[in-house]
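The values are calculated or read from the model by the stated rules, or taken from the named source; none is laboratory data. Owing to the predicted nature of the structure, the values given are computational and were not obtained by experimental measurement. Methodologically, a virtual Cβ is constructed for each residue, glycine included, from the backbone with ideal geometry; neighbour enumeration extends over all protein chains shown.
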Amino acid sequence: MLEAFVTNLGRYNEGYLDGEYLKLPATTEDVQALLKRIHVDGIRYEEVFITDYETDISGLYNCLGEYESIDELNYLASLLDDMDKGEQAKFEAALSYGDYTGSVKDLINLAQNLDCYEYYPGISDEDDLGRYMIDEMGAMEVPEYLENYIDYEAYGRDVSLEDGGHFAEGGYIVNNGDSFIEYYNGRDDLPEEHRIFAYPEPEKSIRDTLRQYQQMIDASPLPVKDRPDPTHEER
């Protein structure tokens, strides 16, 4: 549902594209393995940035930037994975609506506040909206002999203007006025299981191995040699 192309910033500035897609949600081990493959070791190369995304969530791509936190992206991806198809369609419509799309923090909160929106799938224009409100929702009593004279499009336009709704790609969405609660206020609120960014464990060089071996030798007690018997002169 969400993949980020993680790139070695230092190598990029040197003229090389060392990067690879990370499928999210991921684990710490996944991140460490990827960083190792793109030569980010936390010593010579520490910084990464994201040069591309792949997602099947319509509208999400344009909400994500180059320097997003991998931990936050992981949290967002987990929330998206937990959605059923109806919730996913509603989230896509909410992205199109435009509220709370300015940062990954906003997107995380949006994913947890879908109850603040009413979504009507399949309604693509004002005529559809007018017919739905009158025929399905009973917004207006229309005698059968007057049905052909109703301007559904005009009625739908009035409804849309009054409630501030939006026609998204998959349907019509409107903010229902419920309180939008910011459950997530920043990285301090990240659940521990989503804190996955970690540099690879450093590999020991031959020099490090020899140094460690010498330290072991130096720390070992020297054997006590048997003292020889005194000579005739010493007696």
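Taking segment 22-62 only, how many residues are assigned to a helix (DSSP H, G or I) and polar (S, T, N, Q)? Steps first, answer last, please.
Step one: of segment 22-62, the residues assigned to a helix (DSSP H, G or I) are 28-37, 61-62.
Those left that are additionally polar (S, T, N, Q): 28, 32, 62.
Within segment 22-62, residues that are assigned to a helix (DSSP H, G or I) and polar (S, T, N, Q) number 3.
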**Prompt:** Residue check, I123 against (1) free of Cβ contacts under 8 Å to residues at least 60 places away in the same chain; (2) β-branched (V, I, T); (3) farther than 16 Å from N176 by Cβ, all met but one. Which one?
**Reply:** (3)
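Within segment 1-15, take every residue that is outside any helix (DSSP H, G or I) and out of contact with any Gly (no Cβ under 9 Å at 6 or more places or on another chain) and give me the one that is farthest from Y53 (Cα to Cα). Spell out how you get there, then give the answer.
Keep residues of segment 1-15 that are outside any helix (DSSP H, G or I), which gives 1-8, 14-15.
From what's left, out of contact with any Gly (no Cβ under 9 Å at 6 or more places or on another chain): 1-4, 14-15.
Numbers: M1: 10, L2: 7, E3: 6, A4: 5, E14: 23, G15: 21 Å.
It comes out as E14.
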**Asked** Taking into account only those residues within segment 47-76 that are at negative phi and small (G, A, S), which is surrounded by the fewest Cβ atoms within 10 Å (Cβ to Cβ)?
**Response** G65
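Does any residue of segment 34-47 turn out to be within 23 Å of N109 (Cα to Cα), in contact with a Ser or Thr (Cβ under 9 Å, 6 or more places away or on another chain) and of a type outside the set (K, R)?
Of the residues in segment 34-47, the ones within 23 Å of N109 (Cα to Cα) are none.
No: zero hits.
Residues in segment 26-63 that are touching a Leu at 6+ places or on another chain (Cβ under 9 Å), aliphatic (A, V, I, L, M) and touching a residue at least 60 places away in the same chain (Cβ under 8 Å): how many? Explain how you work it out, then say what you get.
So the first thing to find is which residues in segment 26-63 are touching a Leu at 6+ places or on another chain (Cβ under 9 Å), and the list is 26, 30-31, 34, 40-42, 45-51, 53-60, 62-63.
Then keep just the ones that are aliphatic (A, V, I, L, M); that gives 26, 31, 34, 40, 48, 50, 57, 60.
Subsequent filtering for residues that are touching a residue at least 60 places away in the same chain (Cβ under 8 Å) retains 26, 31, 40.
Final tally of qualifying residues: 3.
Counting only residues that are more than 30 Å from L9 (Cα to Cα), in the same structural domain as E3 (by TED's automatic domain parsing) and aliphatic (A, V, I, L, M), give me the helices (runs of 4 or more DSSP H) lying completely in segment 67-137 with at least 1 of them. Even if it seems obvious, please write down each step before you answer.
Details: elements: 70-81, 85-97, 104-111, 126-131.
Ranges flagged: none.
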**Prompt:** Is there a residue in segment 144-166 that is in contact with an Asp or Glu (Cβ under 9 Å, 6 or more places away or on another chain), in contact (Cβ under 8 Å) with a residue 60 or more places away in the chain, within 30 Å of I108 (Cβ to Cβ) and not in a loop (DSSP other than H, G, I, E, B)?
**Reply:** no
